[in-house]
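Asks: Can you read through this structure? Questions will come right after.
Laboratory data are not the source of any read-out in this text; all were calculated from the coordinates shown. It should be emphasised that the depicted structure is a prediction, and the values quoted were computed from it without experimental measurement. As a convention, Cβ positions derive from the backbone with ideal geometry for all residues, glycine included, and neighbour counts pool all protein chains shown.
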Amino acid sequence: MAGAEVVKNYIDGEWKDSSSGRRIEVDDPSNGKTIAVVAEAGQEEVDLAVAAANRVFRDRILIDMHPYDRGRMLFRVADALEARSDEIATINCVETGKALDLARGEVGTTIRYLRYYAGLADKVEGRSIPRGAEFVDYTVRSPFGVSAQIVPWNGPLELTARSLACAIATGNSVVVKSPELAPLSGVEFARACESAGVPAGAVNVLTGYGHTAGQALIQHPDVRHIVFTGSPATGRAVLKAASERIVPCIMELGGKSAAVVYADADLDAVVEAVRIGTYLNAGQNCNNLTRLIVERSIANELLDRVKACVEGLSVGPGLENFDITPMISQKQRQLVEGACQVALSEGARIVTGGAALSDRSGYFMAATVFSDVKRESNLFQKEVFGPVLAVTVFDDPASGIELANDTDQGLAAGVFTRDIDRALWCAERLWAGQVYVNGWYVGGVETPFGGVKQSGYGREKGQEALDGYVQTRNIGIRISPPSSGEVSGTQSRTAALDQGLSQPFTLSNLVQP
Ligand code: NAD
């Protein structure tokens, strides 16, 4: 794209080119054409961004702000995004390839995250701990400092917002590493922060690659908190770097989410769950419905219905709101095609799809259904991150749950039945961070989200998310001290024991380590 304006990094309230002069080209996945050129952040930009964020923290710019005002600031960021929501949705749609309506939904969710945590900013409270007449004791829930936030490409705007809103609401400052395949949404987020008057350095957004800018960021000595949303493989690398400096992490990783379908289920609801759960955004959602575990007596009927639905899905560019939109990149599509080849070699049967739609110019992949998928196969066990559904049958009720739980992932799971007793029995036993009953994506901004097992730890969304952005500190105050000399009396001796002192409690030995 000769002559196109270079999109810059947002660092310390300014738009900065990269010192190396290197660039990243951003593609439209629906046709492979370059739509933007961004400045590639490297070590120097990481250093500048972390220094700015650290200055904001050390100068207590956000911490000393009234929490209500931090909330008002987030409300203003939401307003700034809302004022340009059509334009930003179009950018999000074109850089990710997703349907425009889905991109509009992403902008809406982004705004809701900001407003939700804005409203909670002044409700992050400590507690007072009774310790007898001589002490006042209370806890404060303090920010960590510089929070490094690594964002994937499948929801680049809303996944920026959900972590950043919590961090700012609680007084942390933030450096975001936007995804190299879809960096423009993060840049729009930075623009909204700028126009909302977020103090310079409190929010920094870098456009760079993971192995360079991302790696430099997670290794930076002044980073005190990491939120990583992405693949388990990269998550392990992030954890290794974090372990060097004992940096706390929130890990939002992949999934292999299953729906267990009992014979009494409403099959229309199941088919609709498959339509949205498996195929929206070309199957590139972490809590996608990837495995359908079906009671044998209804398996053939359900498979026929799913096949009819999937073969009826329209294919085309996200801007025109087709059902099956392109995958993010040629590489991602090749990974999905490879996973389909492996599934065939491991004995699964193709019901429909299974290959790239190479007659089109973009990175389109056919909506795919496999049946006869064995529990030990790769398709059953490993995340594919594409429009691929694996169907497996079961015979007795307990084995449905056992199959659903038989992977090392646990982001989401679902059950379909008209029997409330069975639904509750299953909901308790499905081992996943979110459980959906008779639908898919049955959760929202207000409901805690995150993984069990290798899908990660820590929670995003809901009030629980705030717990991951603060550390509890305790303040103990000794009150009404005697004017001088040795203290006597039962309460003072109790205090002495509490302090671990073998000697009687005197002012002279009141020295804390
Ligand atoms: P990825 O792990 O390849 O990349 C994620 C981010 O990490 C990108 O910004 C990338 O540049 C960065 N990165 C790569 N190497 C790095 C390194 N060494 N150090 C620091 N950062 C590095 O994942 P992806 O392909 O972008 O996203 C898809 C994955 O994300 C899937 O596994 C999906 O399930 C997961 N995901 C999880 C959630 C969730 O909330 N649990 C949400 C969305 C996506």
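Asks: Using amide H atoms built 1.01 Å from N in the peptide plane, name the residues 5+ places from Val203, or on other chains, whose amide H lies under 5 Å from its own.
Replies: Sorted by chain and number, the residues that satisfy this are Val174.
Asks: Cα gyration tensor of the range 267-317, axes a ≥ b ≥ c as square roots of the eigenvalues: rounded (a/c below 1.5), prolate (a/b > b/c) or oblate? Please list the in-between numbers first.
Replies: On the way: a/c = 2.70, a/b = 1.47, b/c = 1.83.
Judged from the Cα gyration tensor, the range 267-317 comes out oblate (a/c at least 1.5, b/c at or above a/b).
Asks: Within the chain, which is the longest segment that contains none of the GluC sites (Glu not before Pro) sitting in a DSSP loop with at most 13 other Cβ atoms within 10 Å?
Replies: Working: sites that count: Glu5, Glu125, Glu376, Glu446.
Here the longest run is 126-375.
Asks: Quick one: work out the % antiparallel among DSSP beta bridges in the chain, nearest 5.
Replies: Numbers: 27 of 69 bridges.
Around 40 percent antiparallel, to the nearest 5.
Asks: Further question: Which angle between 0 and 90 degrees, to the nearest 10, do you get for helix 232-244 versus the longest principal axis of the chain when only C-alpha atoms count?
Replies: 20
Asks: What list of ³J(HN,Hα) values in whole Hz, one per residue of the range 153-166 in order, does the Karplus curve 6.51 cos²θ - 1.76 cosθ + 1.60 (θ = phi - 60°) give from phi, with Gly and Pro shown as x?
Replies: 8, 6, x, x, 8, 6, 6, 5, 5, 5, 7, 5, 4, 5
Asks: Turning to a different aspect of this structure: Provide the three semi-axes, in whole Å and in decreasing order, of the ellipsoid equivalent to the chain as defined by the square roots of 5 times the Cα gyration tensor eigenvalues. Show your work: numbers first, answer last.
Replies: Working: eigenvalues 405, 194, 70 Å².
They are 45, 31, 19 Å, listed from largest to smallest.
Asks: Cα-based Rg of the range 203-329 per 2.2 N^0.38 Å, rounded to two decimals? It would help to have the intermediate numbers written out before the result.
Replies: Numbers: Rg = 20.0 Å, N = 127, 2.2 N^0.38 = 13.9 Å.
In units of the 2.2 N^0.38 Å rule of thumb, it is 1.45.
Asks: Need the full-extension length gain, Glu125 to Glu82, defined as separation in residues times 0.36 nm minus the C-alpha distance. One decimal, nm.
Replies: Numbers: separation 43, 0.36 × 43 = 15.48 nm, distance 2.98 nm.
Going from the current span to full extension adds 12.5 nm.
Asks: Can you tell me the length gained on complete extension of the stretch Leu335 to Ala4, counting 0.36 nm per residue apart and subtracting the Cα distance?
Replies: Numbers: separation 331, 0.36 × 331 = 119.16 nm, distance 3.13 nm.
Full extension of this stretch gives 116.0 nm more.
Asks: Only helical DSSP H runs with n ≥ 4 go in: add -39500 (n - 2.57) per run for the chain, normalise by residue count and round the 222 nm mean residue ellipticity to 500 deg cm²/dmol. Could you put the intermediate results ahead of the total?
Replies: Working: 15 runs with 185 residues, N = 513.
Counting only the DSSP helices, I get -11500 deg cm²/dmol.
Asks: If you don't mind, another one. Under a Cβ-only charge scheme (Lys and Arg +1, Asp and Glu -1), can you give me the dipole magnitude of the range 257-444 about the Cα centre, in debye to the nearest 20?
Replies: Numbers: 15 positive and 24 negative charges, 109 e Å.
Approximately 520 debye in magnitude.
Asks: So if I restrict to the alpha-carbon atoms in the range 257-444, what is the Rg, and what is Dmax, the biggest pairwise distance, in Å?
Replies: Cα-based Rg and Dmax for the range 257-444 come out at 15.5, 50 Å.
Asks: Loop-only trypsin sites (Lys or Arg not before Pro) in the range 1-99, please: DSSP not H, G, I, E or B, and at most 11 other Cβ atoms within 10 Å.
Replies: Values: sites: Lys8, Lys16, Arg22, Arg23, Lys33, Arg55, Arg58, Arg60, Arg70, Arg72, Arg76, Arg84, Lys98; in loops: Lys8, Arg22, Arg60, Arg84, Lys98.
Sites meeting the loop and neighbour criteria: Arg60.
Asks: What angle, in degrees between 0 and 90 and rounded to the nearest 10, separates the Cα long axis of helix 43-58 from the longest principal axis of the Cα atoms of the chain?
Replies: Result, in degrees: 40.
Asks: Apply the Karplus parameterisation 6.51 cos²θ - 1.76 cosθ + 1.60, with θ equal to phi minus 60°, to every residue of the range 176-182 and state each ³J(HN,Hα) to the nearest whole Hz, in sequence, with x for glycine and proline.
Replies: 9, 9, 6, x, 5, 7, 8
Asks: For the range 107-240, what class follows from the C-alpha gyration tensor (a ≥ b ≥ c being the square roots of its eigenvalues): rounded when a/c is under 1.5, otherwise prolate if a/b is larger than b/c, else oblate?
Replies: Details: a/c = 2.34, a/b = 1.59, b/c = 1.47.
Prolate, because a/c is 1.5 or more and a/b exceeds b/c.
Asks: On C-alpha positions alone, give me the angle between the axis of helix 100-120 and the longest principal axis of the chain, in degrees, nearest 10.
Replies: 20
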